[in-house]
1. Scan the strands (runs of 3 or more DSSP E) fully inside segment B:108-180 and keep the ones with 2 or more residues being over 21 Å from residue B:387 (Cα atoms) and in contact with an Asp or Glu (Cβ under 8 Å, 6 or more places away or on another chain).
2. Of the conditions (1) at the interface with chain B (Cβ under 8 Å from one of its Cβ atoms); (2) modelled with pLDDT of 75 or more; (3) under 27 Å from residue B:346 (Cβ atoms), residue A:22 fails just one. Which one is it?
3. Considering each residue of segment B:224-266, count those that are touching a residue at least 40 places away in the same chain (Cβ under 8 Å) and over 21 Å from the mean Cα position of the chain (by Cα), and give that number.
4. In segment B:285-373, which helices (runs of 4 or more DSSP H) lie fully inside it and hold 2 or more residues that are touching a residue at least 12 places away in the same chain (Cβ under 8 Å)?
5. Tell me the residue from A:151, A:135, A:129 that is aliphatic (A, V, I, L, M), touching a helix residue (DSSP H, G or I) at 6+ places or on another chain (Cβ under 7 Å) and farther than 30 Å from residue B:253 by Cα, please.
6. Exactly one condition in (1) buried (at least 20 other Cβ atoms within 10 Å of the Cβ); (2) within 14 Å of another protein chain (Cβ to nearest Cβ) is not met by residue B:386; state its number.
7. Scan segment A:152-168 and tell me whether some residue there is touching a strand residue (DSSP E or B) at 6+ places or on another chain (Cβ under 9 Å), more than 20 Å from residue A:89 (Cβ to Cβ), among the β-branched types (Val, Ile, Thr) and not in a loop (DSSP other than H, G, I, E, B).
8. Looking at segment B:317-341, which of its residues are surrounded by fewer than 20 Cβ atoms within 10 Å (Cβ to Cβ) and among the hydrophobic types (A, V, I, L, M, F, W, C)?
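The values are calculated or read from the model by the stated rules, or taken from the named source; none is laboratory data. Remember, it's a predicted structure, so these values are computed and weren't measured experimentally. Here the Cβ positions follow ideal geometry from the backbone for every residue, glycine too, while neighbour counts run over all protein chains shown.
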Amino acid sequence: MSELALFIVRAGFLLVLWLFILSIIAIIRADLFSERVLTKVVEKNMPTALSSPTTGITNLGDFSAAPGSSSIVTAINATPSILVVIDGPLQGTELILDRKELRIGRAPNSDLVLDDDYVSTQHARIQRIDDGWVIQDLNSTNGTYVDGQRIGAPVNIKPDMQIRIGKTIFEIRG
Amino acid sequence: MARANRVVPKKRNLELFMLLFGFGLYAFALAQVQLATILILRPDGWFYWSLPVVAATVFHLVLRFRASDADPLILPIGFLLNVLGIMMIYRLDLVKSANEDNSVAYRQVIWTVVAILIAATVLFLVKTHLSLRRYIYISMAVGVLLLVLPLVPVIGKTVSGAHLWVSIGPLSFQPGELAKIALCIFFAGYLTSRRESLSVVGRKAFGLRIPPARELGPIAFIWLASLGVLVLQRDLGTSLLFFGLFLVMIYVATGRVFYVLVGFVMFVAGALVASRLMSYVGGRFDAWLDPLNDALYQAPGGSYQLVQSMFGLAHGGLFGTGLGGGLPQIVPLAQSDFIVSAIGEELGLVGLFAVFSLYLVLIARALRIANAHADDFSKLLSIGLGFVIALQLFIVVGGVLRVVPLTGLTTPLLTAGGSSLVANWIIIGLLLRLSDTLPKAGTVTE
């Protein structure tokens, strides 16, 4: 093999090696900047969690019924509320409620994960009904407390109501 | 419900694309090694190429069915690092004389296949990493047992002064490599449950929050244990790795700089005392500080190896001598401890930085997985697994490049050696499992 050919092969190898790394970086870059767009698309295509506003709380568990979804999407984009954790290990955490439903529990795929022995895997669910929020206990072991009262049925959350789950106390503002 | 939203095929297709790229790169590397050292293409190159390629493809298929949402970059990076190692080891084998062991690359290929298949099995067995939390005290027991195993009289074996090996019949194994995974799981589980009490704020002095004295118990215990490893097994690297891992994880769990400072001071003090008392540690320090001293260079176990590696790296320069163009074989243990200097000589600074970039991305992926997880155990486990690789790389490369004293550790995935390959592929398997169980996109965490 001639010197020149060997040189080209050697330089080519380093080049291809770096090309591999640049491809990795390109993938990471695409991953970083496309995620937001992806979530939006996914949300649009998701079956709407809420039934029509008039039926209200009674239909909370019914995921299949999905009339009037478009109006809810616009309502959510208007003014998102904020969930603020005011006591417990996650104190100070703020969650922008820009979705229709928020699951709370110890399961790692919950929207608000509470790593606390007094919290069940799927503990509670907060859903958007009309312009307000409704909290529903998902048959948890230690219960969900709204202003000190353990709740049985779903409860409409008013601003500055304090909700306690395990060691965590939070409220919804805005 | 969450499953339906996943954009599954895209990630796996990206992985397949990068893997195919890696397969091509590996073929190029092997062909180049053969052309430059023996001047012809030999058919046995197919053996070295096809076995790791088939194993990686199998692993990719397992991921498609068992962990379809796992990170797409971890497997291709792990594969490429592994085969760059084989490439270098094969190149060193080809120039060995007849009385030297020239089947290191052959064994490395077999071990690669075994390690990748074990990692795939891990994905089958560990359906969710959270189940590991149930076994934290068992992990501790297993970890300690694995560390002590080489000291057991009959099966323990001493290689170049360090008691790290276990040999049963023709098989020898370094159990410490697996111990690091077990201890990582234990630290993650233990710190998850103790996090709150460890981060309790005590008195404040010198701008540091000092925790109550009783909370120093665990750190003192781990310190004693790692000094025990240093004294009994005569291995500075393993001892530094375990203690460093614990410090990293306790810092991540509590956010208290105090633990890191105290731990660092304790370790340096311990190591200084050890260097006075044990000639083995002292020799490493002297060779580190003054390698070009002629007396040290000539001394058995002195700085000869380190100096040869420095010459090799200088010979390589910016772009390297090209595969087959340098003389990395004159550095003792070029295929294991000093593989970094062999790569640096033949691929140059540019090639060495490419290898480091691969590690950097791999570790960054582990940190990203930790960041995206919502619960403490998953976070700490990903951090721990990522930092096992990071610390090990720092200790061994730092040793070769004279940033820290030289210690005997393996370069993750590159070095010749079955135990190390198996352990690091298990880490890769666990990281893939951790990335597959991430909370869905858009989920807000702390």
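1. Working: elements: B:156-159, B:162-168, B:171-173.
Per the criteria, B:162-168.
2. (1)
3. 13
4. Values: elements: B:294-298, B:304-316, B:339-372.
Helices (runs of 4 or more DSSP H) meeting the threshold: B:304-316, B:339-372.
5. Values: A:151 fails: touching a helix residue (DSSP H, G or I) at 6+ places or on another chain (Cβ under 7 Å); A:135 fails: touching a helix residue (DSSP H, G or I) at 6+ places or on another chain (Cβ under 7 Å).
Checking each option against the conditions leaves just A:129.
6. Against the list (1) buried (at least 20 other Cβ atoms within 10 Å of the Cβ); (2) within 14 Å of another protein chain (Cβ to nearest Cβ), residue B:386 comes up short only on (2).
7. Our first condition is that a residue be touching a strand residue (DSSP E or B) at 6+ places or on another chain (Cβ under 9 Å); within segment A:152-168, this holds for A:152-165, A:167-168.
Next, from what is left, pick out any that are more than 20 Å from residue A:89 (Cβ to Cβ): A:152-161.
Add one more test, that the residue is among the β-branched types (Val, Ile, Thr), and what stays is A:155, A:157.
Retained after the next criterion (residues that are not in a loop (DSSP other than H, G, I, E, B)): A:155, A:157.
Within segment A:152-168 (the criterion being touching a strand residue (DSSP E or B) at 6+ places or on another chain (Cβ under 9 Å), more than 20 Å from residue A:89 (Cβ to Cβ), among the β-branched types (Val, Ile, Thr) and not in a loop (DSSP other than H, G, I, E, B)), the answer is yes, since at least one residue qualifies.
8. Scanning segment B:317-341 gives B:318, B:319, B:327, B:330, B:333.
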